[in-house]
1. For Ala80, are the conditions met, namely being in contact (Cβ under 8 Å) with a residue 24 or more places away in the chain and surrounded by fewer than 24 Cβ atoms within 10 Å (Cβ to Cβ)?
2. Quick one: what pairs do we get from region 145-158, first residue closer than 14 Å to Arg169 by Cα, second among the hydroxyl-bearing types (Ser, Thr, Tyr), C-beta under 7 Å, 6+ apart or different chains?
3. Restricting attention to region 73-98, which residues are within 10 Å of the ligand (Cβ to nearest atom) and either closer than 17 Å to Asp21 by Cβ or at pLDDT below 95 (or both)?
4. Can you find a residue that is modelled with pLDDT of 95 or more, touching a Phe, Trp or Tyr at 6+ places or on another chain (Cβ under 6 Å) and in a strand (DSSP E or B) anywhere in region 178-189?
5. Among the residues of region 154-165, is any under 23 Å from Asn28 (Cβ atoms) and part of a loop (DSSP other than H, G, I, E, B)?
6. Suppose we filter Glu10, Glu43 for residues that are of a type in the set (D, E, K, R), more than 24 Å from Phe189 (Cβ to Cβ) and in contact with a helix residue (DSSP H, G or I) (Cβ under 9 Å, 6 or more places away or on another chain); which single one remains?
7. Which count do you get for residues in region 30-60 that are within 16 Å of Ile146 (Cα to Cα) and exposed (fewer than 14 other Cβ atoms within 10 Å of the Cβ)?
Amino acid sequence: MKKIKVLNSEAGYSLAADVYDENENYLNSFEQGELIPLLGALEDKKVLDVGAGTGRLSLPLANRGARVTALDVSPKMLEALFVKCSDRSSPITTIIGDAENLPFENESFDIVAAAFLIVHLKDPTRFFDEAYRVLKDGGILAVTNINQKDPPQVKTKGGEIIIESFYHRPEKVKEILESLAFGIEEEIFVREKDVWVNQIIVAKK
Ligand SMILES: C[S@@+](CC[C@H](N)C(=O)[O-])C[C@H]1O[C@@H](n2cnc3c(N)ncnc32)[C@H](O)[C@@H]1O
């Protein structure tokens, strides 16, 4: 039997970037339209989208008037985002970087958003700490935590791969945020039948 390669995010998403958008509807189903309304008015807000990927979240945020910076560890994913937004009058700023070491000054953003990111972080503490640092006082972090114990196999041109992923218990995610002085403003569980599939948290600095 052929062994499936398990790759880290940078290597895995370099291969998966070409096919990522084929799953957009599936990914949206984990949010069921709940995430963006939780962010409130977006006009002129400085938003950092961490693990922005191909822009599934960055683009609708920019369309609502936010000034979006999209950061990702995978240049290939950001290239796909860049192509989609290059003809905009106010293009999204893209930056290659690591969620655990954000290349921004303290208190730079009104909102930090991270959809489907922490599933790729062994421990989200360092990212949450960085999000806290780059948020302005009163700024918000919006984070999603997918209920995924077994990472899916992804079909790419380079063969089938698994991208390294980690399951996080919802109570633990909240506990870490509170230990870093975030206040939990909203917590929503998106459910399918009786099972939660995604935890969405909005936390205030
Ligand atoms: C499942 S995709 C989500 C993309 C997008 N946020 C969305 O909701 O469609 C996860 C993204 O997180 C990025 N990523 C994983 N670990 C990262 C890290 N440590 N720093 C920055 N980006 C990371 C991956 O490269 C990938 O683009």
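1. Values: in contact (Cβ under 8 Å) with a residue 24 or more places away in the chain: yes; surrounded by fewer than 24 Cβ atoms within 10 Å (Cβ to Cβ): yes.
So Ala80 passes the test.
2. Gln148/Ser165; Gln148/Tyr167; Lys149/Tyr167
3. Within region 73-98, Ser74, Pro75, Lys76, Met77, Leu78, Ala80, Leu81 qualify.
4. Step one: filter region 178-189 for residues modelled with pLDDT of 95 or more, giving 178-189.
Those still in the list that are touching a Phe, Trp or Tyr at 6+ places or on another chain (Cβ under 6 Å) too: 180, 189.
Pick out the ones that are also in a strand (DSSP E or B) and you get 189.
Checked against the condition, which is being modelled with pLDDT of 95 or more, touching a Phe, Trp or Tyr at 6+ places or on another chain (Cβ under 6 Å) and in a strand (DSSP E or B), region 178-189 yields at least one hit.
5. Of all residues in region 154-165, those under 23 Å from Asn28 (Cβ atoms) come to 154-156, 161-163, 165.
From what's left, part of a loop (DSSP other than H, G, I, E, B): 165.
The answer is yes; a qualifying residue exists.
6. On the way: Glu43 fails: in contact with a helix residue (DSSP H, G or I) (Cβ under 9 Å, 6 or more places away or on another chain).
None of the other options fit; the residue is Glu10.
7. The qualifying residues number 1.
This table checks each residue for (1) touching a Phe, Trp or Tyr at 6+ places or on another chain (Cβ under 6 Å); (2) outside any loop (DSSP other than H, G, I, E, B).
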site	(1), (2)
Leu78	no, yes
Phe82	no, yes
Asp87	no, no
Thr94	yes, yes
Phe104	no, no
Glu107	no, no
Ile111	no, yes
Val119	no, yes
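The values are calculated or read from the model by the stated rules, or taken from the named source; none is laboratory data. Everything numeric here is computed off the predicted structure, so don't read it as measured data. Note that each Cβ is placed from the backbone with ideal geometry, even for glycine, and that neighbours are counted across all protein chains shown.
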